[in-house]
Amino acid sequence: MKKFKVAVVGATGAVGREMMRMLEVRDFPVGEIIPLASLRSEGTKVVFRGKEVAVKNLENFAAALPSGAPALALFSAGGDISKQYAPKFAAAGCFVVDNSSAFRMDARVPLVVPEVNPDDLAADKKIIANPNCSTIQMVVALNPLHLAAKIRRVIVATYQSVSGAGGRAIEELLAQTKALAEGKPVPPPSKFAYQIALNLIPQIDVFLDNGYTKEEMKMVNETKKIMRDESIELSATCVRVPVIRSHSEAVWVEFEKDISPEAARDILRKSPGVEVVDDPAAKKYPMPLDAENKQVTYVGRIRRDISSSAKKSLTFWIVSDNLLKGAALNAVEIAETLLKKKFLV
Ligand code: A2P
């Protein structure tokens with residue numbers, strides 16, 4: 001089988017590291033790996049398939065393009081870096097799977113969750129956007145139910161782990177938690193606006209004119225694009241919680257047709273990328289600690305929404321590892337789909 005030259009932009013970051021690990025554990029046909037980051041990290045070693053590889057400076061690497069161009073680049077170094085460099089990589093003939101929000105709502109750019117809309121990929125669409133972490137795990141669970149009973153309206157509240165804000169956010173939570181446990185003064189927040197240890201912050205990203213945050217509107221707009229249905233009405237409240245890894249979501253979903261909790265459970269059990277954990281009598285339901293490092297999206301607490309008498313609403317709980325399905329895994333699955341469709345050749 002042909003092997004490809006693959007670059008990971010942001011290879012020293014929380015998601016970039018997982019991208020390298022997913023390429024490895026899923027046995028993606030990598031002939032050469034090129035870890036890229038800022039000048040700060042130049043020469044730092046990262047490990048791929050048991051071997052140390054030196055991190056290169058993105059700026060220098062990009063300046064030499066198209067010489068040395070990889071066939072595939074996975075980007076996770078923030079929106080500004082993506083805007084600046086992804087088009088350069090694409091112009092050099094490289095498929096770019098971009099984890100930032102830079103291109104997600106660009107009509108020319110496919111926004112893909114392989115379980116939902118693999119057919120949005122095309123041979124000539126070199127930049128592909130990886131959706132927002134909270135959106136990915138939600139649509140993996142919503143899409144099969146949408147196909148069965150057509151969704152009208154979704155209300156979601158998220159419980160998002162700190163790793164979604166990057167490696168330094170994890171350090172901040174750990175340092176604050178340690179100080180609290182030792183009865184020492186809590187180090188001041190820097191990555192978050194407030195102390196996150198023993199707290200919740202009902203703001204992720206900046207506020208917009210409509211009172212929602214950018215993160216909340218990403219869930220609204222990206223869901224419609226991925227599920228190719230502008231008629232779905234959505235409202236989200238996104239909350240940062242003192243959890244290291246995995247995002248959780250409470251969702252209320254109104255359908256056009258009647259759908260029972262049993263039918264929804266059956267559909268979800270057969271759906272790709274989903275695992276149903278739903279046995280309240282045995283205290284079995286998805287939790288972030290259990291989802292850590294897992295490559296599936298867990299759904300549980302599936303029940304009728306008693307606020308609606310029409311028997312057309314369900315409420316349930318979705319948990320997935322935000323660094324994996326919410327980022328690195330979905331990016332690698334997009335790359336796998338490019339291979340399967342013979343776009344990446
Ligand atoms: P570096 O470690 O050299 O700063 P996280 O999301 O965990 O904070 O990680 C962000 C990633 O993006 C890191 O790999 C970081 O590299 C990378 N990055 C940040 N700024 C730049 C830049 N100007 N050029 C290249 N990579 C960058």
* Asked: How far, in degrees from 0 to 90, does helix 214-226 lean away from the longest principal axis of the Cα atoms of the chain, to the nearest 10?
  -> 90 degrees
* Between Arg26 and Leu180, how many nm apart are label points set 7 Å from Cα along the C-beta direction? -> 3.5 nm
* **Label-point separation in nm, Asn293 to Lys2, each point 7 Å along Cα→Cβ** => 3.5 nm
* To do: Give me the percent of DSSP beta bridges within the chain that run antiparallel, rounded to the nearest 5.
  => 50 percent
* Asked: How many Å² of accessible area per residue for the chain, probe 1.4 Å?
  -> 45 Å²
* Against the globular-protein guess of 2.2 N^0.38 Å, express the Cα radius of gyration of the chain as a ratio, rounded to two decimals. => 1.00
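Tell me the volume per residue, in Å³, of the convex hull enclosing the alpha carbons of the range 114-186.
Numbers: hull volume 9.8 nm³, N = 73.
Normalising the Cα hull of the range 114-186 by residue number yields 135 Å³.
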* **Extension gain (nm, one decimal) between Lys191 and Asp258, 0.36 nm per residue minus Cα-Cα** => 19.7 nm
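In what sequence, highest mean first, do 299-309, 318-328, 45-55, 17-27 appear when ranked by Cβ atoms within 10 angstrom? Don't jump to the answer; show the numbers that get you there.
Working: 299-309: 15.9, 318-328: 28.1, 45-55: 13.5, 17-27: 19.5.
Packing proxy ranking, top to bottom: 318-328, 17-27, 299-309, 45-55.
If the limit is 18 Å between Cα atoms, which of Lys2/Lys341; Lys178/Lys325; Lys83/Lys126; Lys126/Lys342 go over it? Could you put the intermediate results ahead of the total?
Values: Lys2/Lys341 15 Å; Lys178/Lys325 29 Å; Lys83/Lys126 14 Å; Lys126/Lys342 13 Å.
In this structure, Lys178/Lys325 exceed 18 Å between Cα atoms.
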* Structure fact -> For the chain, longest principal axis from Cα atoms; helix 14-25 axis from its Cα atoms; angle between them, nearest 10 degrees, is 80 degrees
* To do: List the pair-distance distribution P(r) of the range 135-322, using every Cα-Cα distance, as the percent of pairs falling in each 10 Å bin from 0 up to the bin containing the longest distance, rounded to whole percents.
  => 9, 34, 33, 17, 6, 1
* More than 20 Å apart - percent of Cα-Cα pairs taken over the range 243-345 -> 48 percent
* Inter-label distance for Leu208 and Asp80, nm, one decimal - labels placed 7 Å from Cα along Cα-to-Cβ -> 2.2 nm
* Asked: Roughly how many percent of the accessible protein surface of the chain is carbon and sulfur, given a 1.4 Å probe and a whole-percent answer?
  -> 53 percent
* **Calculated on alpha-carbon atoms, Rg and Dmax of the range 72-154 in Å** => 14.0, 44
* So how do 235-246, 59-70 stack up, highest first, on mean other-Cβ count within 10 Å? -> 235-246, 59-70
* Structure fact -> Rounded to the nearest Å, the spacing of the alpha-carbon centers of the range 219-296 and the range 170-185 is 31 Å
* Just Lys83, Lys184, Lys218 to compare: in a GNM of the chain, with alpha carbon springs under 10 Å, which one fluctuates most? -> Lys184
* Ranked from highest to lowest mean number of other Cβ atoms within 10 Å per residue, what is the order of the peptides 102-114, 274-286? -> 102-114, 274-286
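So if R0 is 45 Å, what FRET efficiency would Thr44 and Arg303 give, r being the distance between their Cβ atoms, rounded to the nearest 0.05? Show your work: numbers first, answer last.
On the way: r = 49 Å, r/R0 = 1.08.
Calculated transfer efficiency: 0.40.
The values are calculated or read from the model by the stated rules, or taken from the named source; none is laboratory data. Since this is a predicted model, take the numbers as computed values, not measurements. Neighbour counts are summed over all protein chains in view; Cβ atoms, including those assigned to glycine, are modelled from backbone coordinates with ideal geometry. Each accessible area value is taken on the protein alone, full model and side chains, heavy atoms only, with ligands, DNA and RNA left out. Shrake-Rupley method; radii C 1.70, N 1.55, O 1.52, S 1.80 Å.
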